[in-house]
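None of the figures in this text is laboratory data; all of them are computed from the coordinates on show. It should be emphasised that the depicted structure is a prediction, and the values quoted were computed from it without experimental measurement. Glycine gets a Cβ as well: all are built from the backbone with ideal geometry, and neighbour counts include every protein chain shown.
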Amino acid sequence: MPFLAQQVLEYAAGLPEGRPIVAKELLHLGRRAAVDQVLSRLVQRGALLRAGRGIYVLPVANRFGTRAPSAAKLVEGLAIQRGETIVRHGAVAANALGLTTQVPMRAVYLTSGPSRRLKLGAQMVEFRHVPGWQLIFPGRTAGDVVRALAWLGPEKAGEAIRKLRAKLPPSERKEVASARSRLPTWMAQEVSALVTRG
């Protein structure tokens, strides 16, 4: 068993920071029951962190000791591993776009996968399943605009659009407007103002 534990740790060390480790990826090292047992023992020893049911991560070692990997790295790794679209929450997008001064206290992400919570050390990372239109343009400003508007809602969208018209270059305004057919009616009407009056 110690040899299998060493192999698991070597495998984990070869992954990028925050990349989730699941038992199915380790079946080339041994039988499922043995792999599950080794993962559990490595968590007890502090060599791995259990982020959620069946999801483990390697802690990051630095000169001050060890810490959990960043939530952003875990999210990136989960998206690759599971084939999910995962994007930042609309409140974070609105803050990044200068539409609000509120800074979210919790790490919340929107996903095409199931809603769930993962624990990274003391931090809880929440994933919320949302409709596909909220996940368009992942990693791009146009997508952040859509998610920010969804979070702000119909009441505050008009004011946000006026601010965005002054901030966004024409190419990004057109990209947002190109998604109108996929958006709820109230948002499609607001987004139209980015190109019709801008």
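Computed from Cα positions, the angle between helix 32-45 and the longest principal axis of the chain comes to roughly 80 degrees.
Trypsin sites (Lys or Arg not before Pro) within the stretch 115-179: which are DSSP loop residues with at most 15 other Cβ atoms inside 10 Å? Display every interim value, and only then the final one.
Numbers: sites: 116, 117, 119, 128, 140, 147, 156, 162, 163, 165, 167, 173, 174; in loops: 140.
The qualifying sites are 140.
Can you give the charge dipole size of the chain about its Cα centre, rounded to the nearest 20 debye, using +1 on the beta carbon of Lys and Arg and -1 on the beta carbon of Asp and Glu? Each step should come with its number before you reach the end.
On the way: 30 positive and 13 negative charges, 38 e Å.
Dipole size: approximately 180 debye.
Here the extension length gained between residue 133 and residue 195 equals 20.4 nm, from 0.36 nm per residue of separation less the Cα-Cα distance. Other residues with beta-carbon under 12 Å from the beta-carbon of residue 168 carry, at +1 per Lys or Arg and -1 per Asp or Glu, a net charge of +4. With each label modelled as a point 7 angstrom along the Cα→C-beta vector, the residue 178-residue 119 pair spans 4.4 nm.
Can you compute the FRET efficiency between residue 50 and residue 106 using 1/(1 + (r/R0)^6), with r the Cβ-Cβ distance and R0 = 25 Å? Round to the nearest 0.05.
Numbers: r = 20 Å, r/R0 = 0.78.
Taking R0 as 25 Å, the efficiency between residue 50 and residue 106 is 0.80.
Computed from Cα positions, the angle between helix 154-167 and the longest principal axis of the chain comes to roughly 90 degrees.
In the chain, what % of DSSP beta bridges are antiparallel (nearest 5)?
On the way: 15 of 20 bridges.
Within the chain, antiparallel bridges account for around 75 percent of the total.
When +1 charges are put on Lys and Arg Cβ atoms and -1 charges on Asp and Glu Cβ atoms, the dipole computed for the stretch 138-196 relative to its Cα centre reaches about 120 debye.
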